[in-house]
Amino acid sequence: MRARNRIAQVLIWLAVLGMSVWVGGTLYQMLVIVPMWSASPPESVRAFFLGTKYNETIWNFFGPPFMAARLAPLLGALIAGWHLAQHRKWLLVAAACKAFGVVFTLTYIYPINDVLFAQAGGSHTPEEIRAMVWQWVMADRVRFGVGVIGFLALLRALSIPFPTGDHF
């Protein structure tokens, strides 16, 4: 197998591992953590975010350094495997989904996080807090759905055999 193909294959594996952790962690958060703070806003928001170290610990999993760590192998695989047309299309889908997730998170979800998570609703009215909770939950579902599409595309790229020898 050519060195470039091997590099692409290793990077796809790393991207799959990173995305697997993200999918599992996000699913856990959706099923276990989110219901704790979204059950009956604004009281549940205030009780959860004022009474826990969630804001400190969640950053260790979903924060920008880890976004970059999950994105880097995917982009590296796309670059290293660009010459592999069958892989390229699936890697492009995965990269587009991941890029959407990062941009959507930074521009839409993080501003809501600032009010709900960092300020526990702050001085917002109960109606505003309930609306923000609903917006956050729906946005998180959209982000997860797009992320799963990207993950499936990445798995498809991994399942395609890599050329051996001098032919590609």
Residues satisfying the stated conditions in the range 1-25, i.e. under 24 Å from the mean Cα position of the chain (by Cα) and surrounded by 18 or more Cβ atoms within 10 Å (Cβ to Cβ): ALA8, GLN9, LEU11, ILE12, ALA15, VAL16, GLY18, MET19, TRP22
Residue within the range 122-134 that is under 29 Å from PHE49 (Cβ atoms), at pLDDT 95 or above, in a helix (DSSP H, G or I) and β-branched (Val, Ile, Thr) present: yes
Among the residues listed as LEU106, LEU152, the single one being without any contact (Cβ under 8 Å) to a residue 60 or more places away in the chain, under 19 Å from LEU27 (Cβ atoms) and open to solvent by 60 Å² or more (accessible area, probe 1.4 Å): LEU152
Residue in the range 84-97 that is surrounded by fewer than 19 Cβ atoms within 10 Å (Cβ to Cβ), within 11 Å of the chain's Cα centre (by Cα), closer than 30 Å to PRO161 by Cα and touching a residue at least 40 places away in the same chain (Cβ under 8 Å) present: no
Of all residues making up the range 72-102, the number that are assigned to a helix (DSSP H, G or I) and under 14 Å from VAL10 (Cα atoms): 11
Within the range 116-155, tally of residues that are over 18 Å from the mean Cα position of the chain (by Cα) and among the basic types (Lys, Arg): 1
Matching residues in the range 36-50 - criterion: being open to solvent by 60 Å² or more (accessible area, probe 1.4 Å) and either among the acidic types (Asp, Glu) or assigned to a helix (DSSP H, G or I) (or both): MET36, GLU43, ARG46, ALA47, LEU50
Unique residue being without any contact (Cβ under 8 Å) to a residue 24 or more places away in the chain, open to solvent by less than 40 Å² (accessible area, probe 1.4 Å) and over 14 Å from PRO42 (Cα atoms) when the list is GLY145, GLY122: GLY145
Test for GLY81: is it under 26 Å from ILE149 (Cα atoms), over 14 Å from the mean Cα position of the chain (by Cα) and of a type in the set (Gly, Ala, Ser): yes
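The values are calculated or read from the model by the stated rules, or taken from the named source; none is laboratory data. Just so it is clear, the model here is predicted, and its values are computed rather than measured. Here Cβ is always computed from backbone atoms with ideal geometry, including for glycine, and neighbour counts include all displayed protein chains. Accessible surface areas use protein heavy atoms only, side chains included; no ligands, DNA or RNA. Shrake-Rupley method; radii C 1.70, N 1.55, O 1.52, S 1.80 Å.
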